[in-house]
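Taking it in order: structure first as structure tokens, then the write-up.
The values are calculated or read from the model by the stated rules, or taken from the named source; none is laboratory data. Values in this document were obtained by computation on a predicted structure and should not be read as measured data. In this analysis, Cβ positions are derived from the backbone assuming ideal geometry, glycine residues included, and neighbour counts consider all displayed protein chains. Just so you know, the surface numbers come from the protein's heavy atoms only, side chains and all, with ligands and any DNA or RNA stripped out. Shrake-Rupley method; radii C 1.70, N 1.55, O 1.52, S 1.80 Å.
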Amino acid sequence: LKITQDEIVEQQTVLHIELDDNDIDPYLERAYKKVVQRVNIPGFRKGKAPRRIIEQFFGKETLINETLDSMLPEITGNAISENDLDAVSIPSINLESIDPFQFTATVPLRPIVDIGQYKDIRLAREDVSLPEEALNDRIEQLRLSVATWEPVDRSIETGDMVSADINGQIGETDILTEKDAVYLINEEIDRPFPGFSEKLVGLDTDNPTEFKLEIPGDFNDPDIAGQTVNFHVTIKDIKHRVLPELDDQFAQSIGDGHKTLGDLKEEIEKSLKEEAESESNRSYRESLILALIEGSSITLPPLLIEHEANRMMEEQERMVTQANMVFDDYINSIGKTREELNDEFQTTAKDQLIRSFVMSKLSEEESVDISDEDIEKRIDELFANSEEDVPTSSRTDEMKTYIRNSMKVEHTIERLESIAQGEESDEVKKEQNTEKEPKGGDDAPKS
């Protein structure tokens, strides 16, 4: 086995690997044992033909191809260990020739991370305050959620809900035909087309109407974008929203045991403050992480970014397929090409990887560690309010690893918050206290 390594560039390197017959023979034997079980050779019982006969019938290259999927990663893994490389992701393997057997493996190496003078990060928390209109806005949302729709005998107004028979044509071609279709008359809703809702304002029931609508040139359906649609519309009924009175009865209808409007307002204000504090904490932490990243330098191997972007693309395609959509149709519907979507995933992947490795480096520098006892305590806390015993599935190695990682991130962010507030770590405090303690010897104070 001959291995040569290129220089490390952007934290990845290329291994050139060449095998001789002795290196390949164990893999050919492995392939032979698979092939011989599923082929019929004249003069031999199935599974009993010697390897030399199998090679004569099918050729050595066939046996090599049979074992490539396992052979190349295995040899590459051994080569990475032999060259003492700290690989951070799956290598990219390229078979160059069968005879002689040569291939290359591009190996992404662990990124080089320098988080700079992170202990100098300082960022004060902003006071949490609620906008004056926040309480009234939330109450109005609740009123809308329990509102009723009642028929009216007038022309359509913005905010109404209507049912209608609709036919839309471009030239002689029908592009939309709906019976008893329900629409909310709202300028912010573009269903079925931008500007359609406004065209209905002022129409009356049982009065067939025609109008034209210009479709914007950037509409997501290229067959319709920039076209003029002729609509034939008959309004069947018109309803308007009736909001409940703002009184104790309204408060009681919301549930949760509110007896008076005052009780409801008090609960809403408490909830809004909790939401504001939660958002303030999230925003503060995000600002700290961005400050840490800004003061850091990191070299990411391009192959690692590519792998992560590909994973994102595959996950997106899986989700779209599960929703019974063709992925290319989905891409067209959002006005992008595969190349554009891949470019976006490349950017997102790079940002997420930088964030992950920078936070991991901070965790390492600050000696953030999660013990097995910490994990068990967290599992018990998660099920503290459950009447049933803690499920066995929560104590699997996989679940414990997940909890360990999430707790490590949580504690690392907490440590970053302490740094930004100018607080010393527990380890530093211990060292300072140790230095202050009197040492034994002649000069030590006598009791």
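For this structure, a couple of remarks:
- The listed residues are Ile289, Ile254, and the only one of them that is open to solvent by less than 50 Å² (accessible area, probe 1.4 Å) and modelled with pLDDT of 90 or more turns out to be Ile289.
- Segment 177-208 - residue that is of a type in the set (Asp, Glu) and part of a loop (DSSP other than H, G, I, E, B) and, of those, surrounded by the fewest Cβ atoms within 10 Å (Cβ to Cβ): Glu188
- Applying a threshold of 7 Å to beta carbon distances and a minimum spacing of six or more residues, or different chains, the list of pairs starting in segment 143-154 at a residue that is aliphatic (A, V, I, L, M) and ending at one that is part of a strand (DSSP E or B) and surrounded by 12 or more Cβ atoms within 10 Å (Cβ to Cβ) reads Ala147/Arg241; Val152/Ile238; Val152/Lys239; Val152/His240.
- With respect to (1) closer than 30 Å to Ser280 by Cα; (2) open to solvent by 70 Å² or more (accessible area, probe 1.4 Å), the lone exception for Thr158 is condition (1).
- Taken together, Asp69, Asp84 contain a single residue that is in a helix (DSSP H, G or I) and within 41 Å of the chain's Cα centre (by Cα), which is Asp69.
- Flag for Ile139 being open to solvent by less than 70 Å² (accessible area, probe 1.4 Å) and closer than 30 Å to Arg282 by Cα: yes
One line per residue, one yes/no per condition, for (1) part of a helix (DSSP H, G or I); (2) open to solvent by 40 Å² or more (accessible area, probe 1.4 Å); (3) modelled with pLDDT of 95 or more:
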{"site": "Ile75", "(1), (2), (3)": "yes, no, yes"}
{"site": "Asn94", "(1), (2), (3)": "no, yes, yes"}
{"site": "Thr104", "(1), (2), (3)": "no, no, yes"}
{"site": "Val113", "(1), (2), (3)": "no, no, yes"}
{"site": "Leu123", "(1), (2), (3)": "no, yes, no"}
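- Looking across segment 209-236, the residues that are in a loop (DSSP other than H, G, I, E, B) and in contact with a Phe, Trp or Tyr (Cβ under 9 Å, 6 or more places away or on another chain) come down to Ile215, Pro216, Phe219, Ile224, Ala225, Gly226, Gln227.
- The set of residues in segment 425-447 being modelled with pLDDT of 55 or more, more than 25 Å from Ser287 (Cα to Cα) and of a type in the set (Ser, Thr, Tyr) consists of Thr434 alone.
- If only residues of segment 315-339 that are acidic (Asp, Glu) and either open to solvent by less than 70 Å² (accessible area, probe 1.4 Å) or modelled with pLDDT of 95 or more (or both) are counted, the one that is farthest from Pro108 (Cα to Cα) is Glu317.
- Residue within segment 413-424 that is modelled with pLDDT under 85 and not small (Gly, Ala, Ser) present: yes
For (1) more than 30 Å from Pro91 (Cβ to Cβ); (2) in contact with a helix residue (DSSP H, G or I) (Cβ under 9 Å, 6 or more places away or on another chain), each residue gets a yes or a no:
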residue: Ile293; (1), (2): no, yes
residue: Ile305; (1), (2): no, yes
residue: Asp369; (1), (2): yes, yes
residue: Lys377; (1), (2): yes, no
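- Selected residue (criterion: modelled with the highest pLDDT) from residues of segment 378-394 that are in a helix (DSSP H, G or I) and farther than 22 Å from Glu410 by Cα: Thr392
- Filter result for Asn167 (polar (S, T, N, Q), touching a Ser or Thr at 6+ places or on another chain (Cβ under 9 Å) and surrounded by fewer than 14 Cβ atoms within 10 Å (Cβ to Cβ)): no
- Annotation: Asn342 fulfils all but one of (1) open to solvent by 50 Å² or more (accessible area, probe 1.4 Å); (2) within 18 Å of the chain's Cα centre (by Cα); (3) not hydroxyl-bearing (Ser, Thr, Tyr); the unmet one is (1).
- Filtered by the rule that a residue be of a type in the set (S, T, N, Q) and either closer than 17 Å to Asp127 by Cα or not in a loop (DSSP other than H, G, I, E, B) (or both), segment 237-288 gives Gln249, Gln252, Ser253, Ser271, Ser278, Ser280, Asn281, Ser283, Ser287.
- Residues of segment 209-229 that are out of contact with any Asp or Glu (no Cβ under 7 Å at 6 or more places or on another chain), over 17 Å from Ser155 (Cβ atoms) and open to solvent by less than 80 Å² (accessible area, probe 1.4 Å): Leu213, Ile215, Pro216, Gly217, Phe219, Asp221, Ile224, Gly226, Gln227, Val229.
- Of the residues in segment 25-43, none is touching a Phe, Trp or Tyr at 6+ places or on another chain (Cβ under 7 Å), open to solvent by 30 Å² or more (accessible area, probe 1.4 Å) and not polar (S, T, N, Q).
- Taking residues in segment 356-383 that are over 19 Å from Ile419 (Cβ atoms) and open to solvent by less than 40 Å² (accessible area, probe 1.4 Å), and partners anywhere that are outside any helix (DSSP H, G or I) and modelled with pLDDT under 95, the pairs with Cβ atoms closer than 8 Å and at least 6 places apart or on different chains are Ile379/Val390.
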